[in-house]
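First the structure, in the form of structure tokens, and then the observations on it.
Computed from the coordinates by the stated procedures, all read-outs in this text should not be read as laboratory data. Please read these numbers as outputs of a predicted model, since none were measured by experiment. Here Cβ is always computed from backbone atoms with ideal geometry, including for glycine, and neighbour counts include all displayed protein chains.
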Amino acid sequence: MIAWASPSKLAVLGISGSGRKRSYNSALLEAAKQLLPQNTTLEIVDISGLPLYNQDLEHDMPEVVKEFKKKIRGADAILIATPEHNYSITAILKNAIERGNRPPRVTSWSGKPAAIISASTSLRGGARAQLHLRQIMIDLNMYPINSLCYWSRMLKTSSMKSVS
Ligand SMILES: Cc1cc2nc3c(=O)[nH]c(=O)nc-3n(C[C@H](O)[C@H](O)[C@H](O)COP(=O)(O)O)c2cc1C
């Protein structure tokens, strides 16, 4: 069940699906800090260092994973800025999702309201990744806002040029 009653303070946990230093999606999250309603905080957590999920090891939880799950549980809502990789979300975001969702009795996402934003260098601005993420959130028993919150097409910068 979701606690929709308006709390006096709202703590939002922000997650960027990119580990890139000059990530547009991480920048989007930073920009969101300037648009927060009153009594709302946005803490951004870095998921790029979470160890790769492996079901054989899920009960032996590293401290960094425990800390991540605690942050999810302590948040009133989740804001995810996702890049689009091969029509879907990135590997590091999927890894963070698995980490938050396991082991079975220690799921952390369940019941959390969520919003999804994206920036991509393609014309569709990450819309397909947003759709995939919304589908994953159904399985996590999260409550994503269904309408497109924000997507943006970014122009490639010289720092993103392929070296091949
Ligand atoms: C491996 C890879 C796959 C990608 N696949 C897609 C894609 O399917 N659709 C898309 O819109 N952009 C795709 N892109 C472009 C990313 O959306 C773009 O690099 C984006 O800026 C990454 O987000 P970031 O700036 O937050 O790192 C891909 C980029 C990489 C590196």
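Below is a table of values for the structure above.
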item	result
Charge dipole (the chain, unit charges on Cβ, about Cα centre) - positive-most of 10, 45, 130	130
Antiparallel DSSP beta bridges within the chain, as percent of all bridges there, nearest 5	5
Leading residue at positive end of dipole, the chain (Cβ point charges), from 24, 55, 74	24
Share of Cα-Cα pairs in the chain lying beyond 22 Å, as whole percent	42
Magnitude of the charge dipole, segment 10-156, Cβ model with Lys/Arg +1 and Asp/Glu -1, debye to 20	380
Charge dipole (debye, nearest 20) of segment 1-77; +1 at Cβ of Lys and Arg, -1 at Cβ of Asp and Glu	320
Sum of -39500 (n - 2.57) over DSSP H runs of 4+, divided by residues of the chain (222 nm, nearest 500)	-8500 deg cm²/dmol
Percent of beta bridges antiparallel (DSSP, segment 8-88, rounded to nearest 5)	10
